[in-house]
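Structure first, commentary second.
Every number here is computed from the coordinates shown, using simple stated rules; none is lab data. Everything numeric in this text was worked out from a predicted model, so none of it was measured. Neighbour counts run over all protein chains shown; Cβ positions are idealised from the backbone, glycine included.
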Ligand SMILES: [Zn+2]
């Protein structure tokens, strides 16, 4: 069995950490995410908590990236406020990230030993939404 290793994008972790430290406020914004776009840009976002199911930082980031013309993301990381460090994506985000960006890499913790894994590794045996969209010929 081979092990795929990916370098960890420390600049991305630093960007998410800075947004978590400086932009997260109260109960509404408690998580920050940063993604490396295919063109090299870093896009950041914070979650928008609401009891009806407000989006996680990763999902807000997808929209923020599109608003800036970044439709392809290479790597994403989420960091919690109050020095919680790198936080792995929740189940819903794993599914959405995989459907939007099947080749995406995700930085997971622990913060002192982060590693980069393919999003597909975080959601094995998954339902693939794109398959549902294929024409049955
Ligand atoms: Zn989530």
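Report, in deg cm²/dmol and to the nearest 500, the calculated mean residue ellipticity at 222 nm for the chain, where each DSSP H run with n ≥ 4 adds -39500 (n - 2.57) and the sum is divided by the residue count.
Result for the chain: -8500 deg cm²/dmol, rounded to the nearest 500.
Taking every pair of alpha-carbon atoms in the stretch 6-137, what share in percent sits in each 10 Å bin, from 0 to the bin with the longest distance?
It works out to 13, 45, 33, 7, 1, 0, in whole percents.
I need the calculated FRET efficiency for the pair residue 18 and residue 41, taking r as the beta carbon distance and R₀ as 25 Å, to the nearest 0.05.
Rounded to the nearest 0.05, the efficiency is 0.95.
Determine, from the Cβ-Cβ distance of residue 131 and residue 90 and an R0 of 35 Å, the FRET efficiency 1/(1 + (r/R0)^6), rounded to the nearest 0.05.
The value I calculate is 0.95.
Mind checking which of 22, 116, 44 has the largest fluctuation in a GNM of the chain, springs on alpha carbons under 10 Å?
Its mean-square fluctuation being the largest, the pick is 22.
Fully extended, how many nm does the chain gain between residue 74 and residue 120 (0.36 nm per residue separation, minus their Cα-Cα distance)?
15.2 nm is the gain from fully extending residue 74 to residue 120.
How far is helix 57-67 tilted, in degrees, relative to the longest principal axis of the Cα atoms in the chain, given as a value from 0 to 90 rounded to the nearest 10?
Here the helix axis deviates by roughly 80 degrees.
Can you give the angle from 0 to 90° between the axis of helix 10-23 and the longest principal axis of the chain, with both taken from C-alpha atoms, to the nearest 10?
Taking Cα atoms only, the helix is inclined about 50 degrees.
In degrees between 0 and 90, to the nearest 10, how far off the longest principal axis of the chain does helix 91-100 point, with axes built from Cα atoms?
For helix 91-100, the angle is close to 60 degrees.
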